[in-house]
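The values are calculated or read from the model by the stated rules, or taken from the named source; none is laboratory data. Owing to the predicted nature of the structure, the values given are computational and were not obtained by experimental measurement. With ligands, DNA and RNA removed, areas are computed over all heavy atoms of the protein, side chains included. Shrake-Rupley method; radii C 1.70, N 1.55, O 1.52, S 1.80 Å.
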Amino acid sequence: MNYWLMKSEPDEFGIEDLKQRPDQIEPWDGVRNYQARNMMRDQMKVGDLAFFYHSNTKPPGIVGIVEIVREGYPDPTQFDPDDKHYDPKSDPEKPRWYLVDVKFKAILPRKVTLHELKRQPQLEGMKLLARGNRLSVMPVEPDHWAHIIALAEQDPAG
DNA sequence: GCCAACGTTGGC
DNA sequence: GCCAACGTTGGC
């Protein structure tokens, strides 16, 4: 089983929005980056867990955990001319963009901020912290995952 | 196939 | 709101 990190702007769709969905499931649509697409299409499996990361907010950080409940399938928004993620170049016979469905698992006891993550020597090499990283979906190493879970359960000062 | 222009991401 | 980083587009 694999671990992931998925970014979302809470003004658009935050962990609270997911929690309030009737079935607590949401298609992770709108991703228009080939690397992220490849991971959702080819690598994410049912039962994998992902951190829910709030970007473009103050402060940015990891706020919760979701579970992959449906594996890669074509993102329907690419074919909807009224959707802001519409892609007129995508051929329905050979869809360009894929997504997964995620389900709410937990809100962490506290937000683990980006600032705090950067101060952790144990997290050296984490993709999220790489210079210039802009991926909205990325893998997380199991030991990094465990360290972040432990951080969330302890006092921010500690 | 190169690369300048342009658009987007996302922290600050 | 700024801007660095980086992906995509399109002319040549």
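For chain A, the longest principal axis of the alpha carbon atoms and the long axis of helix A:142-152 meet at an angle near 60°. The ellipsoid that matches the Cα gyration tensor of region A:18-158 has semi-axes, each √(5λ) in whole angstrom, of 29, 16, 14, with the longest given first. What region A:3-152 shows is 54 Å² of accessible area per residue, with the surface traced by a 1.4 Å probe over protein heavy atoms. Taking amide H positions as modeled 1.01 Å from N, with prolines and chain starts lacking one, the residues under 5 Å from A:VAL102 and 5 or more places away or on another chain are A:GLU26, A:TRP28, A:VAL69.
Taking every lysine pair in chain A that is 8 or more places apart or spans two chains, those with Cα atoms closer than 15 Å amount to 9. Split the accessible area of chain A by element, probe 1.4 Å, and carbon with sulfur accounts for 46%.
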